[in-house]
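Undergrad: Sending over a structure as structure tokens; questions will come in a sec.
Just so you know, all these numbers are worked out from the coordinates, no wet-lab data involved. Because the structure is predicted, anything quoted here is derived from the model rather than measured. Positions of Cβ are backbone-derived with ideal geometry, glycine not excepted, and every protein chain shown enters the neighbour counts.
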Amino acid sequence: MSTTASSLQKPRMSFWQIWNMSFGFFGIQFGFALQNGNASRILTSFGADVEHLSWFWLAAPLTGMIIQPIIGYYSDHTWTSLGRRRPYFLAGAILASSALLFMPNAAILASILPPLYVGAGILMIMDASFNVAMEPFRALVADLLPSDQRTLGFSIQTFLIGLGAVVGSWLPYIFANFFGIQNPNLAAGEIPIEVKLSFYVGAFVFLVAILWTVITTKEFPPDEYNKADYEKNPSKKGLSQIISDFRGMPKTMKQLGLVQFFSWFALFSMWVFTSRAVATHVYGLSPDDITSKTYQDAGNWVGIIFGVYNGISAIYALFLPAIALKLGRKLTHAISLAAGGFGLISIYFIHDPMLLLFSMIGVGMAWASILAMPYAILAGAIPSHKMGIYMGVFNFFITLPQIVNGIVGGPIVKHFYNSNAIYSLVMAGVFLLIAAFCVRFVEDKDDIVKT
């Protein structure tokens, strides 16, 4: 039987060591927040129809599905002067920062290709770079922390994710409303100046945050990190090993896969369709009214509410270890997902933009738990010498539902919901409730519940 991560005798780490180890995620989520809150808005400005938005967003999960297992495998088998995971953080940060600089400026290549296709291509490159930087972070927490600190580690990571996302989501609104940096009226295909500036700041923050983790965190060399386990479990090479490990994934991973499917299907709908749903259902605008100041205000407000749910997730993440210790990781995750489901469904009944802030409380609870609990549960079921590859393979259960949604989500909105994006958010809420129910079937052997 392979030695698992939970059986390793790893030294306990201080709060600030865990903080430094996870700080790069502040920059990663800063970039993700800008993408999630503004990519649909940018693509719409370039001419994308609402029913086609999910197709353009397919670039993100497709690249993640391919890249994360590969990065996980090679980070398991890499050792350099920077360690095993840190070289991938750094390479991903450089590429992602470049993509963030270029995304809102896709129109400069209009003489070669339509801006819409350039923007979609940059979206793919940007998400691929995010994945290169992000995947090893999950493995790093499991690499360095003992079992009883894993929930704390992933919770601190989630707090920093929430903090980065708050700032990234709010930045366009701050530039427009506090500094007065805003285009009153936009020409067709023009990107608001506050969005451009936000992407520039995001590129800088992304790179600096990753550098902080690279500089302050030390990894265990292979001869110190469970060398005997590697010797007892010789690996195949490359693609054959990835395929073999995918077929032999632990039972807990398969059970979590169902929960992840419904969770990430819902999240994808929220990211793709919230801007359009808020503009048309809450603000009452025409779907064709995409150049008015009110439409831009609605887009900026979506950034605010996205920042709120990320802020809630950052705060809630600090309480997750204590809640999980009292209720167990499974029940904690189920309750959190249900709160998110009810939050998304409530948007249908709202016509005052301020009330959307209350809907985001539940969404924030769900987001915090999605970013922490599945990984805390999973890490105890993975052999330590395959932590990187299995964290990468687990990404299949994140990308697959997004791909499915990307293919069918747009046609569903067009043909079943008559292009009313609000119904996609209601469907997302129902899917989170289904995910909460599925948690009960997950096996979590090393969970510790304090009665």
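Undergrad: As a check on your grasp of the helix formula, calculate [θ] at 222 nm for the chain: sum -39500 (n - 2.57) over DSSP H runs of n ≥ 4, divide by the residue count, round to the nearest 500. Show your work: numbers first, answer last.
TA: Numbers: 17 runs with 311 residues, N = 451.
Roughly -23500 deg cm²/dmol at 222 nm, from the helical runs in the chain.
Undergrad: Going by how many other Cβ atoms sit within 10 Å of their own, how do R247, R12, R85, R150 line up, fewest first?
TA: Fewest-to-most ranking of R247, R12, R85, R150: R247, R12, R150, R85.
Undergrad: How would you rank V272, V195, going from fewest to most other Cβ atoms within 10 Å of each one's own Cβ?
TA: Least to most surrounded, the residues fall as V195, V272.
Undergrad: While we're on this one: For helix 422-438, report the angle its Cα long axis makes with the longest principal axis of the Cα atoms of the chain; keep it between 0 and 90° and round to the nearest 10°.
TA: The angle comes out at about 20 degrees.
Undergrad: Something else now. Averaging sequence separations of C-alpha pairs under 8 Å and six or more residues apart, then dividing by the length of the chain, give the relative contact order as a whole percent.
TA: Computed over the chain, the figure is 29 percent.
Undergrad: Please state the charge dipole magnitude for region 309-451, taken about the Cα centre, from unit charges on C-beta atoms (+1 on K and R, -1 on D and E), reported in debye and rounded to the nearest 20.
TA: It comes to approximately 180 debye.
Undergrad: Output the pairs from K196/K293; K10/K218; K251/K386; K254/K330; K10/K386; K293/K414 with a Cα-Cα distance over 24 Å in this structure; if there are none, say none.
TA: K293/K414
Undergrad: In what order do R440, R84 fall by count of nearby beta-carbon atoms within 10 Å, going from fewest to most? Mind showing how you got there, number by number?
TA: Values: R440 11, R84 23.
Going from least to most buried by this count: R440, R84.
Undergrad: A further question on this structure: Using only Cα atoms, find the angle between the long axis of helix 251-277 and the longest principal axis of the chain, and express it within 0 to 90 degrees, rounded to the nearest 10.
TA: Its long axis makes an angle of about 20 degrees.
Undergrad: Continuing with the same structure: Kirkwood Rh over alpha-carbon pairs of region 50-102, then Stokes-Einstein at 37 °C and 0.692 mPa s: what D in µm² s⁻¹, rounded to an integer?
TA: In µm²/s, the coefficient is 253.
Undergrad: How many angstrom separate the Cα center of region 393-443 from the Cα center of region 92-159?
TA: Cα centroid to Cα centroid, the span is 22 Å.
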